[in-house]
Each structure stands twice: as C-alpha cells, then as structure tokens.
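Chemist: Following this message is one structure expressed as structure tokens.
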Amino acid sequence: MHEALTREEWSRRAHAHAERVAPHTRPFLDRRSRGEKHPVEDFLFTYYTLSPAQFTRWHPAPGVILLDAPERAGWKHYRPATTAELEAAGVGEGMSGVVVAVEEFVAERGTAVRFTREILANTLARSGTFDCFGLHEWAMAYRAQSNGVRHEDAPLRLGASGTDDVVEAHRIRCSHFDAFRFFQPQAVERNELQPTRESQRRMEQPGCLHASMDLYKWAYKLLPAVDSDLLADCFDLAWDVRVTDMEASPYDLTEWGYEPVRIETPEGKAEYVRRQRAFAQRGNRLRERLAAAVERLLDGVDDAAVPVRAAGHDGATRQSGAGGHIGAMAQTGAVGRDGASGVVMQGRTARTRGDRS
C-alpha cells in the first residue's frame, strides 16, 4: 500500500534529515576546505565512499509517493508514480508524484542486494565474540620503527616498543577482513584467524566493532531503496563505534579530546567489552531493520525459495530457516552472548554471489 506525502511534508522531512547529519558533515567539509585532518572524525567520510552531499540527500522508503516533486523525476532509481499507485494512495486527479523505482534498482543492483541479505542473515545467526579487545588497531601499528606510523598526527601512547610488547603479549583473533588487510606484515601470522574476502560472509559476527561500523556501508549501498532515517541510525552507530575503536587504539588522542581505553590493563579490557556488548545489541537491532528492508525489496522479485545457509558459531554452516515466503522472519527466542535476541532470516541463497566492493 502506497503512502503519499505533499511537497510541504516531504520537504520538511528532507530538511530535518539535513539538519540531523549537519553536525557531522559540516565540520568535515570545513576541515577539508582548510586542508586539515581529524584522526577520528574524518574516517566515515574518507574510508567509506558515500559523500557528505549524498549523505545529506533525503530518501523516503520505497512505496512512498512524493507529490509535486518534478526535480526528483530525473534522480537515479526514481520514476513517476503510476495512476494506479496514486489512486491507491488516495491522491486525487491531476496530481503527480515520484517513487523509488524498486524493480529497476533490484535489476541493476541485485548482486549487492542479495549479498547484503546473506551477510546480514549470517551475522544475525552468530553469537558475538568479545575477546579481541581491539587489538586489530595495535596490529596495524606493529613494528612502527620499521613500518612507520599510520596516523601521523597522533603519537603512539606507549611508544613503538611498548606497542610491540602489547601485540606480542596477547592473542589476536581478528575476524574482519577489512581490518585484517591493514595489519602490518609482521602481524599477519600472529592473527589466529585468517579472514579473506570470500570468507567474510561466514566470519562476520556481531561483536566485531568493524562489522557494526559496516552497517552504515550496507545501508548506503542500498540507497535510495532504504530510507534515510535508517541510514542515519546506522551512521550514528558507526560514529560511536569509531570513537571507541580509536580510544582503544595504541594512539594518544588526548590532545583531540579522547581519553584512552587502556586495553593493555584488566580495567581497560573490561571497559572495552562493556562497550562492545552495547554496540553488538545496537548493531543487531539495525541488522534486523536492514534485513527487513532487503526482504521487502526482494519480495516478489525472486521466484524460488531455498534456505539461507548461515554460519554457526563454530564456523560451520547451518540452515537458518525453512523455505517459504521471502519476507518471513523467524524469531528463535535464543539469546546470544551479546544479549540480543537470536533473530534469523528465512530467505534464499543468492543466485548471484558476492559484492566485492
């Protein structure tokens, strides 16, 4: 069923979204215009590929008709609303509007949509693990005397040798490929796990801070077929996670206003795990919302129903649910170690595999 928004209504929502994200986008743009960098706050705009302008642009949910919006008719993946859609939304004769072109979007971006569904389902099916203590950032700074320091504006809090001592005194169990690939060469073999791009869909788990940040990426890859409220919620989580990620890193960021989480101490480890569990709970709630949005996109597009194969906690695959309607979700009632409910998607294995971006 379609909903119609008047120009006044959707303009108000678009303005509210722009104002919501401005406290993050404006300082970044100001710094960039001055040639300045921030070791914490720039990350979501430099590592991830969505520009501040794209982030500021508001999108409704699919099925929402924007009345009197001729300027959007030429936007990518938008189309004029049909007469039937306008009538279903109770719009009178003589009115026109635009909607997100879901069929066109899925036809063009189906591989990415199905990969997103798979990685969300697999991650929701896994329990969070909480014994990494953010050591991925330390592995990226390992042997700094030989490799150099990644963040030029932030000194190492314990110095190069002290950083090396922390790495060598701990088990490193990083499960996230896009963190692991930045390990210094001497740290690679120290990681007990050896994630790859192909194994990413099996190894993602909700306790991982980088997996939580990546929810922002999965959301913007689905634009404009997900709404901007969900995108901004994912960004807010990514922002908070980034702060902890760097506070627990080997860098001294006190001059930037960040107090360290000293993961080399028992107290620091406990604080890291406390935050990590809270992020895992927030992340799983957002995964459920993203998963539901993906299911709605694919509802009626795919024509076969086979179960998604979700990775179990031991790395083995297990069936996440019986086949059936693509929009169905199964609430298992199980509670993982992150305290979140064990929600598993019922869906189908993607016929076209992988999103390598």
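The values are calculated or read from the model by the stated rules, or taken from the named source; none is laboratory data. Quick caveat: nothing in here was measured; it's all calculated off a predicted structure. We place every Cβ from the backbone using ideal geometry, glycine too, and count neighbours over all the protein chains shown. Calculation scope for accessible area: heavy atoms of the full protein, side chains included, ligands and nucleic acids excluded. Shrake-Rupley method; radii C 1.70, N 1.55, O 1.52, S 1.80 Å.
Chemist: Somewhere in region 191-202, is a residue within 19 Å of Ala248 (Cα to Cα) and either in contact (Cβ under 8 Å) with a residue 24 or more places away in the chain or surrounded by fewer than 18 Cβ atoms within 10 Å (Cβ to Cβ) (or both)?
Modeler: Yes, region 191-202 has at least one match.
Chemist: For region 210-239, which residues satisfy the criterion of being charged (D, E, K, R) and in contact (Cβ under 8 Å) with a residue 40 or more places away in the chain? Before you say what the answer is, go through the steps one by one.
Modeler: Going residue by residue through region 210-239, those that are charged (D, E, K, R) are 214, 217, 221, 227, 229, 233, 236.
Answer for region 210-239, where residues must be charged (D, E, K, R) and in contact (Cβ under 8 Å) with a residue 40 or more places away in the chain: Lys217, Lys221, Asp227, Asp229, Asp233.
Chemist: Let me ask you something else. Which one is most open to solvent (accessible area, probe 1.4 Å) among residues in region 240-262 that are out of contact with any Ser or Thr (no Cβ under 9 Å at 6 or more places or on another chain) and among the hydrophobic types (A, V, I, L, M, F, W, C)?
Modeler: Of everything passing the filter in region 240-262, Trp256 is most open to solvent (accessible area, probe 1.4 Å).
Chemist: Scan Leu237, Leu253 and give me the residue that is closer than 30 Å to Tyr78 by Cβ and modelled with pLDDT of 95 or more. Spell out the reasoning first.
Modeler: Working: Leu253 fails: closer than 30 Å to Tyr78 by Cβ.
None of the others qualify; the one that does is Leu237.
Chemist: Mind telling me which of the residues Ala112, Ala107 ends up being closer than 30 Å to His2 by Cβ and either free of Cβ contacts under 8 Å to residues at least 24 places away in the same chain or exposed (fewer than 15 other Cβ atoms within 10 Å of the Cβ) (or both)?
Modeler: Answer to the check: Ala107.
Chemist: So, restricting to helices (runs of 4 or more DSSP H) that lie completely within region 148-239, which ones have at least 2 residues that are in contact with a helix residue (DSSP H, G or I) (Cβ under 6 Å, 6 or more places away or on another chain)? Full working, then the answer.
Modeler: Details: elements: 159-169, 177-180, 185-188, 200-203, 209-221.
Ranges flagged: 159-169, 177-180, 200-203, 209-221.
Chemist: Let me ask something else about it. Pairs needed: first member in region 43-56, under 12 Å from Tyr220 (Cβ atoms); second member anywhere, at pLDDT 95 or above and basic (Lys, Arg); C-beta distance under 6 Å; at least 6 residues apart or different chains.
Modeler: That search, which allows pairs on different chains as well, returns Tyr48/Lys217.
Chemist: So in region 2-47, with the set limited to residues that are in a loop (DSSP other than H, G, I, E, B) and of a type in the set (Ser, Thr, Tyr), which one is surrounded by the fewest Cβ atoms within 10 Å (Cβ to Cβ)?
Modeler: Taking the candidates together, the pick is Tyr47.
Chemist: Of all residues in region 64-108 being β-branched (Val, Ile, Thr) and part of a strand (DSSP E or B), which is farthest from Trp10 (Cα to Cα)?
Modeler: Start the filter on region 64-108 by keeping residues that are β-branched (Val, Ile, Thr), which leaves 64-65, 82-83, 91, 98-100, 102, 106.
Retained after the next criterion (residues that are part of a strand (DSSP E or B)): 64-65, 98-100.
Details: Val64: 10, Ile65: 9, Val98: 12, Val99: 12, Val100: 14 Å.
Filtering region 64-108 for residues that are β-branched (Val, Ile, Thr) and part of a strand (DSSP E or B), the one farthest from Trp10 (Cα to Cα) comes out as Val100.
Chemist: Name the residues in region 48-63 that are of a type outside the set (Phe, Trp, Tyr) and part of a loop (DSSP other than H, G, I, E, B), would you?
Modeler: Thr49, Leu50, Ser51, Arg57, His59, Pro60, Ala61, Pro62, Gly63
Chemist: Pairs only if they're at least six apart or on different chains, beta carbon under 8 angstrom, first in region 148-166 and closer than 15 Å to Pro39 by Cβ, second at pLDDT 75 or above and among the acidic types (Asp, Glu); list them, first residue then second.
Modeler: Ala154/Asp252; Pro155/Asp252; Leu156/Asp252; Arg157/Asp252
Chemist: Only one of (1) surrounded by 15 or more Cβ atoms within 10 Å (Cβ to Cβ); (2) without any contact (Cβ under 8 Å) to a residue 60 or more places away in the chain; (3) over 16 Å from Ala225 (Cα atoms) is not met by Ala69, so which one is it?
Modeler: Going through the list (1) surrounded by 15 or more Cβ atoms within 10 Å (Cβ to Cβ); (2) without any contact (Cβ under 8 Å) to a residue 60 or more places away in the chain; (3) over 16 Å from Ala225 (Cα atoms), Ala69 breaks only (2).
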